1. Would you work out the relative contact order for the range 46-140, in percent, from Cα pairs under 8 angstrom that are 6 or more residues apart?
2. What accessible area per residue, rounded to a whole number of Å², is obtained for the chain using a probe radius of 1.4 Å?
3. Quick one: which of 215-225, 109-119 comes out on top by average Cβ neighbours within 10 Å, and what's the full order, highest first?
4. Ignoring ligands, DNA and RNA, what percent of the accessible area of the chain is carbon or sulfur (1.4 Å)?
5. Which order do peptides 36-44, 98-106, 55-63, 86-94 fall in by mean Cβ count within 10 Å, highest first?
6. Rounded to whole Hz and in sequence order, give me ³J(HN,Hα) for the range 188-195 from the Karplus expression 6.51 cos²θ - 1.76 cosθ + 1.60, θ = phi - 60°, writing x for Gly and Pro.
7. Return the sequence-ordered ³J(HN,Hα) values of the range 94-99 in whole Hz as given by the Karplus equation 6.51 cos²θ - 1.76 cosθ + 1.60 applied to θ = phi - 60°, using x for Gly and Pro.
8. Set the bar at 30 Å for Cα to Cα. Now go through Lys101/Lys219; Lys166/Lys250; Lys53/Lys265; Lys4/Lys53 and name every pair that lies beyond it.
Amino acid sequence: MTAKPILYHHGSSACAAKVRFALAEKHVEWDSRYVDIMAGEQFAPDYLALNPKGVVPTLVHGGEVIRESSVICEYVNEAFTGPALMPADPLGRAKVRLWTKAVDEELHPACSALTYVVSHRHTILRQGVGSFEEFLAKTGSEGLAARKLKWSYIQDGLDAPGAMEKVQLYLDYLGRMEEALATSDWLVGDAISLADIAMAPYLNRLAALAMEGVWEGSKLPRVAGWWERIKARPTFAPAFVEWMPEDLAKEMRANGEQSWPEIEKRMS
Ligand SMILES: N[C@@H](CCC(=O)N[C@@H](CS)C(=O)NCC(=O)O)C(=O)O
């Protein structure tokens, strides 16, 4: 299959940034279809036909639709020539998949909670939140439980039930990275892999929220070094910087600066 893949994505989405990073590391050219998830474009019938959950990213290659960012990254690694993003040995690949599974199951939901309580809630409250029924109407096809949770993050921030636990779980992953980086510059093996590519968007999110204080100032020196290596890659800008809407970047940084002292106080 030689045709260029088409990526449906959004600038601030961690899952979409992960796929852009994998595509860039693999030197794959792709066509963009920008889905403005802030404006609800993920719920348009045409997009729901590709991705019934109404989430980005989605990759279309040779007419085939591939969903789920971790699955897409493995597909990109196998379907295209370019540097290998998985170790050659089975144990190494198993170790990479433990990272990517943890990202899908734990870190990504925690990231959603963190982003709501640190940033989106301030924006939504400033704009005027309206009633719960209005919020439900605007949040499309997501399950009711997920939308109730987001509503509680908007209303109560860090005091919402379970919010601080999610933030702490997120930050605990940085501790696991610090351990994994004791023997290598990269999370698994001696080269960048899909494990690093899976984690990078979540460090980028903390940086976007002005929360670099979590690892800076000698707190997590190996994570700090790893982050500098990630940012120094020529693939960093096309994956993380170029698609991020400027006004959203400013808003998230300002909201993050407002929230950081309270988070720092509550961190264990
Ligand atoms: N498990 C999915 C999660 C995708 C996901 O949650 N995408 C978010 C952005 S990072 C999204 O599209 N959200 C749209 C919404 O919340 O309505 C994947 O890894 O692709």
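The values are calculated or read from the model by the stated rules, or taken from the named source; none is laboratory data. Computed from a predicted structure; not experimentally measured. Cβ sites come from the backbone with ideal geometry, for glycine too, and all protein chains shown count toward neighbours. Surface accessibility is based on the protein's heavy atoms, side chains included, excluding ligands, DNA and RNA. Shrake-Rupley method; radii C 1.70, N 1.55, O 1.52, S 1.80 Å.
1. It rounds to 11 percent for the range 46-140.
2. 47
3. 109-119, 215-225
4. It is 54 percent, rounded to a whole number.
5. 55-63, 98-106, 36-44, 86-94
6. Residue by residue, the range 188-195 yields 9, x, 10, 9, 4, 9, 5, 5 Hz.
7. In residue order, the calculated couplings are 4, 5, 4, 5, 5, 5 Hz.
8. Correct reply: Lys53/Lys265.
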